[in-house]
Amino acid sequence: MARLHEHQAKKLLADAGLRIPRGRAASSADDAAAVSRDLGGPVVVKIQAWTTGRKAMGGVAFAATPEETRAHASRMLGMSVGQFPVTEVLVEEQLPPEHELFVSLAVDDRARAPVMLLAVSGGTGIEDRAAEVARVPCSLTQGPERAAVDAFLARSGLPEETHTALSWAFSTIFATAKKHEARSLEVNPLGVLADGSVVALDCRCTIDDYAVFRHPELGIDIARELDHPPTELERIAYRVEQEDHRGTFFFAQMNNAAPQGSAGLIGFHGAGGGGSMMSMDAISSAGFCIANFCDTSGNPSPAKVYRAARIILEQPGLVGYFGSGSGVANQEQFWSAYGLAKAFWELELSIPALIRLGGNTEDRAVDILVSSCKGLPGTVEAYRKTDTPASIAGRFAELVRAAAGTSPWRPRAPRRPAFVGTPGSHSFAFKGGTVWIDAASWRSHGPAIASRCAGLLRDDAGRPALTCTPEALHTKDSDFIAGEVECRRDGVPGLFVMLDIPGL
């Protein structure tokens, strides 16, 4: 599920009328100090990270002055949660509560209905106090069941004069979750102050992935569950997926550096969820640290596989590229081979790459990838479904050890043939890219180029012309990518497909 930061979730509650502490998020120590100065009193400083246990990791601190706030913020903005840096802290006024409650609204998949969990003791460790948590059924139209809420409050021991405000707060939390199609909305703690007012002191919220497109006001740029705010590469990958629905593409960064004692950081490229998990286990057991998880399956286009490979290879410090997924993938693997071959050639791959292409047309796929990558600085090997992930991981480890004297991978600009973009060349634009044809090569090799492009080109008085309409060309990028790779395999010059990757 797509997540919101604490300050974003609290704003939703505030917009619905529920009180939250005064304050705002800050991305620098000086900005945090300025917030503290504006609030004019003691504050709490909290890292904005998608994790629990922030206080235990030093991500929550109290400050009496702007100078103390600056010091805490400076320290926190130097922290990382997992492999990802903290980029924001929330600076809020301190509001010591007289009473604390735990309130959690979530969708119960088994009951196919929302349910609200309530407990009188909020804060950390609520998971260890499950017996104290009341379960309140919720109506989709009416919210928390009134009788169950009244029964909870009656036995809560909380002052009776607070019951009306608390009941309203529970209903407001439900209404907020419903309005924004949240899968969960947790307020922990919900505080009752000395004056009897109710305030949301902390908040966690996840939004249903499939509802994100209906809520642009939330500013969620990736409708997908991650354990960290999306990185720039994840944003780029998500845009690729949204622009090309031929097959699936999932990309998530996991580590940006290998720990001491590891065999090295590797780019991972899977195909098929279960097979990818098995392959990740195999490469991890061989001692490697995985930089990213990537899956291209469901008959992905060569363009999608190419863009996935380019994104994976935008990560510095890789010692190798390991591709392995399902051994019985029901997809034409030669299309993936074309996409990988194009990416590896453009980037002049200099690290070992082992790719398991098990499934339909695997023999053709293996031949395409291996023959296309001859002459690259790095070793590229391809395997079939009969080759197990464990055996391939062992071979991968051998190649990485053999290449130990070379430098780890550094991202680089892709190479382009000299004729690309020149005035004398011919070009045909399609969605997401351009086909370039060298004029001199066409005059000498036109029939050879055309024969490798699925009949999409013909000669027109010494110039290349399309045999399809410009509109139909938008769906023919796969054939032109295949044509480019086949021309390169056979030593036929003059054809190149430039594929856009916005942001890369």
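With respect to Ala71, determine if the residue is over 30 Å from Leu233 (Cβ atoms), part of a helix (DSSP H, G or I) and in contact with a Ser or Thr (Cβ under 7 Å, 6 or more places away or on another chain). Spell out the reasoning first.
Working: over 30 Å from Leu233 (Cβ atoms): yes; part of a helix (DSSP H, G or I): yes; in contact with a Ser or Thr (Cβ under 7 Å, 6 or more places away or on another chain): no.
When the stated conditions are applied, Ala71 does not pass them.
Consider Thr361 carefully, then state whether it is surrounded by fewer than 14 Cβ atoms within 10 Å (Cβ to Cβ) and of a type in the set (Val, Ile, Thr).
no
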Could you tell me whether any residue of the range 138-161 is buried (at least 20 other Cβ atoms within 10 Å of the Cβ) and touching a Cys at 6+ places or on another chain (Cβ under 8 Å)? yes
Which condition from (1) modelled with pLDDT of 95 or more; (2) farther than 19 Å from Ala403 by Cβ; (3) more than 20 Å from the chain's Cα centre (by Cα) is the one that Asn292 breaks? (3)
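Scanning for something surrounded by fewer than 21 Cβ atoms within 10 Å (Cβ to Cβ), charged (D, E, K, R) and within 24 Å of Gln253 (Cα to Cα), does the range 190-205 turn up at least one residue? Show your work before the answer.
To start, the set of residues in the range 190-205 that are surrounded by fewer than 21 Cβ atoms within 10 Å (Cβ to Cβ) comprises 193-197, 199, 204.
Next, only the ones that are charged (D, E, K, R) stay: 195, 204.
Going one step further and asking which of them are within 24 Å of Gln253 (Cα to Cα), we end up with 204.
For the range 190-205, residues surrounded by fewer than 21 Cβ atoms within 10 Å (Cβ to Cβ), charged (D, E, K, R) and within 24 Å of Gln253 (Cα to Cα): present.
Suppose the filter is within 30 Å of the chain's Cα centre (by Cα) and free of Cβ contacts under 8 Å to residues at least 24 places away in the same chain; does Arg75 pass it? If you could, list the steps in order and put the result at the bottom.
Working: within 30 Å of the chain's Cα centre (by Cα): yes; free of Cβ contacts under 8 Å to residues at least 24 places away in the same chain: yes.
Spelling it out, Arg75 is indeed within 30 Å of the chain's Cα centre (by Cα) and free of Cβ contacts under 8 Å to residues at least 24 places away in the same chain.
Every residue, every condition in (1) within 28 Å of the chain's Cα centre (by Cα); (2) in contact (Cβ under 8 Å) with a residue 40 or more places away in the chain, yes or no:
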site	(1), (2)
Gly323	yes, yes
Ala337	yes, yes
Pro352	yes, yes
Lys374	no, no
Ala404	no, no
Trp409	yes, yes
Ala413	yes, no
Those residues of the range 16-30 which are out of contact with any helix residue (DSSP H, G or I) (no Cβ under 8 Å at 6 or more places or on another chain) and either buried (at least 22 other Cβ atoms within 10 Å of the Cβ) or charged (D, E, K, R) (or both), in sequence order: Arg19
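Which residue is surrounded by the fewest Cβ atoms within 10 Å (Cβ to Cβ), if the candidates are limited to the range 33-82 and must be touching a His at 6+ places or on another chain (Cβ under 8 Å) and farther than 18 Å from Lys10 by Cβ?
Narrowing the range 33-82 to residues touching a His at 6+ places or on another chain (Cβ under 8 Å): 45, 48-50, 61, 63, 81-82.
Narrowing further to those that are farther than 18 Å from Lys10 by Cβ: 61, 63, 81-82.
On the way: Ala61: 19, Ala63: 21, Val81: 18, Gly82: 13.
My answer is Gly82.
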Taking the options Ala309, Ala258, name whichever one is more than 17 Å from the chain's Cα centre (by Cα) and not in a strand (DSSP E or B). Ala258
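The values are calculated or read from the model by the stated rules, or taken from the named source; none is laboratory data. The shown structure was predicted, so the numbers you read here are calculated from the model rather than taken from an experiment. Positions of Cβ are backbone-derived with ideal geometry, glycine not excepted, and every protein chain shown enters the neighbour counts.
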